[in-house]
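Colleague: The structure under discussion is supplied below as structure tokens; questions concerning it will follow.
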Ligand code: 5GP
């Protein structure tokens, strides 16, 4: 029997998942966020081992071969994956573990771990989402366009998630998420 709950936590690029996540971590000490591996370049201010484990394509493919990922996917030309052991260790210790992952990975987890809680964060409007993605200023135009195309694709997957949460206000959204977990 696993003690903690596994949470698939997904949302469009720029929707504010990271900000809500920080709030969740500050509100509840049973919440933990899984640190993923990725082959994309770090953004300014991102720290290896904190935001992601930034690894090479070769190393990533080696981990795939060794069955080291609970799930993994390609998103906008880069690999992203959840290291399996770290997540299971945290669940064993009773933590509620959030996987901040995109839809392909989310679907893999729902299949593999049907007892997971799945939450999709949606924006008040898609105009607002595009503005936020651009205002963030962390990506070049080509990457922004790829991410906007990914949003269109991701809309088709919202229906598979057991909960959708509107990010109209960070505090409110975080409280709603904690309630969902409490009641699941
Ligand atoms: P970003 O490059 O903005 O940090 O992340 C791009 C997308 O990849 C986001 O939707 C993010 O949630 C997702 N992502 C981050 N880590 C993982 C992971 O381990 N697996 C999967 N499938 N997606 C991830």
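Colleague: Rounded, prolate or oblate: which one fits the range 1-93, using the alpha carbon gyration tensor with axes a ≥ b ≥ c (rounded when a/c is under 1.5, else prolate when a/b beats b/c, else oblate)? Walk me through the numbers before you get to the answer.
Modeller: Numbers: a/c = 1.90, a/b = 1.18, b/c = 1.61.
Oblate, because a/c is 1.5 or more while a/b does not exceed b/c.
Colleague: Separate question: What span do the alpha-carbon atoms of the range 49-116 cover on each of the three principal axes, reported in whole Å from largest to smallest?
Modeller: 33, 23, 23
Colleague: Right, another one. Once you have a ≥ b ≥ c as the square roots of the Cα gyration tensor eigenvalues for the range 1-49, tell me rounded if a/c is under 1.5, and otherwise prolate or oblate according to whether a/b is larger than b/c.
Modeller: Prolate, since a/c reaches 1.5 and a/b exceeds b/c.
Colleague: Right, next: So in the chain, what percent of DSSP beta bridges are antiparallel if you round to the nearest 5? List each step's numbers first, then the result.
Modeller: Numbers: 8 of 27 bridges.
Bridges in the chain that DSSP calls antiparallel: roughly 30 percent.
Colleague: On to the next question. Report, in whole Å, the centroid distance computed from the Cα atoms of the range 68-85 and the range 108-184.
Modeller: Answer, in whole Å: 18.
Colleague: Then there's this: Taking a ≥ b ≥ c as the square roots of the Cα gyration tensor eigenvalues, with a/c under 1.5 meaning rounded and otherwise prolate when a/b beats b/c, else oblate, which class fits the range 6-183? Walk me through the intermediate numbers first.
Modeller: Working: a/c = 1.44, a/b = 1.03, b/c = 1.40.
In terms of gyration-tensor shape, rounded.
Colleague: Something else about it: Given an 8 Å cut-off on Cα distances and at least 6 residues of separation, report the relative contact order of the chain as a percent. Numbers along the way, then the final one.
Modeller: On the way: 279 pairs, mean separation 62.2, N = 184.
Relative contact order comes out at 34 percent.
Each value in this text was obtained by applying a stated rule to the coordinates, not by laboratory testing. Only a predicted model underlies this, so the values are computations on that prediction, with no experimental measurement involved.
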